[in-house]
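Okay, so here's the structure we're looking at.
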Amino acid sequence: MVYKLVLLFVLLSSCKKLNEKKLTGDWEVQRIEIQDGGGFTYFDSTFEIGKNQLSFKPDSVVGKCNFEFTPLGSNFIVSDSLILQNYWSLNDDLILLTGQIFSLKVELLTKNQFIFNYYDYNNYRLKTFFLRKK
């Protein structure tokens with residue numbers, strides 16, 4: 001019984017290290033979706049592939065994503081950005097960031113694809129980022 005518990009602990013620890021290794025590298029944002037509090041989904045209207053990038057080092061992340069969208073029934077454009085310059089750690093499916101009031105929730109992480117989201121509590125919006133490894 002003790003052997004099985006030790007084996008389970010080792011397997012879980014190795015999976016976490018493997019995911020951290022997958023996350024490390026340069027990522028290019030392919031698409032950004034914004035869902036408002038009413039459930040409406042918007043896409044970045046001025047998005048250009050290659051302009052928004054995130055770089056995950058073994059202990060830190062640096063990057064900036066600028067995006068714009070037009071809310072339903074309005075004639076104005078909302079400009080927003082995600083700026084990351086933090087130390088990070090992986091806890092199950094959450095990327096914990098030092099100095100931030102939010103965490104990034106990992107929806108998908110493979111060696112080439114990375115999808116995460118976070119909830120913007122000030123604006124009541126769920127922001128989802130689709131990235132591809134460079």
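The values are calculated or read from the model by the stated rules, or taken from the named source; none is laboratory data. Note that the structure is a prediction, hence the values are computed from the model and not measured. Heads up, the Cβs are rebuilt from the backbone with ideal geometry, glycines too, and the neighbour counts pull from every protein chain shown.
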**Report entry** Residue ranges of strands (runs of 3 or more DSSP E) in the stretch 21-111 with at least 1 members of a type in the set (A, V, I, L, M)
**Finding:** 25-36, 53-56, 60-69, 78-91, 94-97, 104-109
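Among the candidates 116, 129, which residue alone is within 14 Å of residue 28 (Cα to Cα), part of a strand (DSSP E or B), in contact with an Asp or Glu (Cβ under 7 Å, 6 or more places away or on another chain) and of a type outside the set (Lys, Arg)? Please lay out each step first, then the result.
Details: 129 fails: in contact with an Asp or Glu (Cβ under 7 Å, 6 or more places away or on another chain).
After ruling out the rest, the residue left standing is 116.
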Query raised in the report: Taking residue 58 and the conditions (1) touching a strand residue (DSSP E or B) at 6+ places or on another chain (Cβ under 8 Å); (2) surrounded by fewer than 16 Cβ atoms within 10 Å (Cβ to Cβ); (3) of a type outside the set (Asp, Glu), which numbered condition does it fall short on, given that it satisfies the others?
Result: (1)
Query - Failed condition for residue 74, given (1) over 19 Å from residue 102 (Cβ atoms); (2) surrounded by 11 or more Cβ atoms within 10 Å (Cβ to Cβ) - result: (2)
Query raised in the report: Conditions: (1) among the aromatic types (Phe, Trp, Tyr); (2) assigned to a helix (DSSP H, G or I); (3) modelled with pLDDT of 50 or more. Residue 3 meets all but one. Number of the miss?
Result: (3)
